[in-house]
1. Just checking, which of G211, G240 is at pLDDT below 90, among the small types (G, A, S) and more than 20 Å from the chain's Cα centre (by Cα)?
2. Quick one: would you say V275 is within 24 Å of K27 (Cβ to Cβ) and at pLDDT 90 or above?
3. Can you tell me which residue among G121, G113, G41, G51 is in contact (Cβ under 8 Å) with a residue 60 or more places away in the chain and more than 19 Å from the chain's Cα centre (by Cα)?
4. For the stretch 64-98, how many residues are at positive phi and of a type outside the set (D, E)?
5. Every residue in the stretch 236-257 that is of a type in the set (G, A, S) and surrounded by fewer than 13 Cβ atoms within 10 Å (Cβ to Cβ), please.
6. Restricted to the stretch 57-87, and to residues that are touching a helix residue (DSSP H, G or I) at 6+ places or on another chain (Cβ under 7 Å) and not in a loop (DSSP other than H, G, I, E, B), which residue is nearest to L305 (Cα to Cα)?
7. For V162, indicate whether it is in contact (Cβ under 8 Å) with a residue 60 or more places away in the chain and either aromatic (F, W, Y) or not in a strand (DSSP E or B) (or both).
8. Report yes if some residue within the stretch 60-75 is in contact with a His (Cβ under 6 Å, 6 or more places away or on another chain), surrounded by 18 or more Cβ atoms within 10 Å (Cβ to Cβ) and either without any contact (Cβ under 8 Å) to a residue 60 or more places away in the chain or closer than 28 Å to S194 by Cβ (or both); otherwise report no.
Amino acid sequence: MSNTVDRPTLQRPVFPFTAIVGQEEMKLALLLNVVDPKIGGVMIMGDRGTGKSTTVRALVDLLPEIEVVADDPFNSDPRDPELMSEEVRERITADQPLSVISTKISMVDLPLGATEDRVCGTIDIEKALTEGIKAFEPGLLAKANRGILYVDEVNLLDDHLVDVLLDAAASGWNTVEREGISISHPARFILIGSGNPEEGELRPQLLDRFGMHAQVGTVKDPELRVKIVEERSSFDRDPGAFRTAYRVPQDHLREQISHSRERLSQIHLDYDLRVKISQVCAELNVDGLRGDIVTNRAAKALAALGDRSEVTVKDIWTVIPLCLRHRLRKDPLESIDSGLLVQEKFSKVFGYST
């Protein structure tokens, strides 16, 4: 008779993404960023207890596997020089063999109390001076390379740290300088921030650096609220059985994301539509060109997600409030939601109504 017992799963069970009720705006913004990480991340603002953190953690379960160089702290891509650490590049130049493994795209949580050294990494000055080597201890940005960096309550994070995160997210590189010694490594990640507007807003220049801005609110429909409570209770009672019940839709969405990422480069956005997107941005007095770029990218990602080869006007209508609402100049006397302002201007320029 065998005395062996089944090994328990070591990972904490994650609530399935496809089981999340409502909050369509937040779910769409997250999915589009996974399809095209160059959109530039998403800022999720909303009431407490609206499932912001649950939804972000559920997203990780859907992410595809990627190839990385084994034992490399930066998750270096074995083929793309832009996503390689300096050490991996040197090994390739010297014709040294690389051990390559497949791993799930990871999500890194950035705690509110994190120091700059913890985020960016540290250089051991003593070792560098005495032994003549660049002794670098990687930080959270290194771990997040080619993955997701999640900052809960980002509006409570020190402004200096937010600047560091956004600079790395925009450039794709993190540079650490100490006592004349400089080390750079790739830091391409999807930056996701969440927060409660009652606890303070981000500065406009920082908000502008997030590709998209999703708003979430407390569900008002009593029947929908009951459904959410029942789903959560079922999951807490038996996570394994609950996840099994959602395996088919989870697998389907996982395949849909993978397929969309592969065909993204083939999606066409008509020139006339691009001109009208820029016209909307200009008439809304959106500073800079980030709004134009992100709207173009998001519309293409949505078309890819819908298995279409051409971007439609409806695709742009769907994504443009998410891409522009946080880039509008705040008018304290304006009572209308900024997303509705964007849609009003869109309808006028495109001659479109739902």
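The values are calculated or read from the model by the stated rules, or taken from the named source; none is laboratory data. This is a predicted model, so every value here is computed, not measured. So basically every Cβ, Gly included, is an ideal-geometry build from the backbone, and we count neighbours across all protein chains shown.
1. G240
2. When the stated conditions are applied, V275 does not pass them.
3. Among G121, G113, G41, G51, only G121 is in contact (Cβ under 8 Å) with a residue 60 or more places away in the chain and more than 19 Å from the chain's Cα centre (by Cα).
4. Count: 1.
5. Those that are of a type in the set (G, A, S) and surrounded by fewer than 13 Cβ atoms within 10 Å (Cβ to Cβ): G240, A241.
6. So, considering only residues that are touching a helix residue (DSSP H, G or I) at 6+ places or on another chain (Cβ under 7 Å) and not in a loop (DSSP other than H, G, I, E, B), the one nearest to L305 (Cα to Cα) is L59.
7. no
8. Yes, the stretch 60-75 has at least one match.
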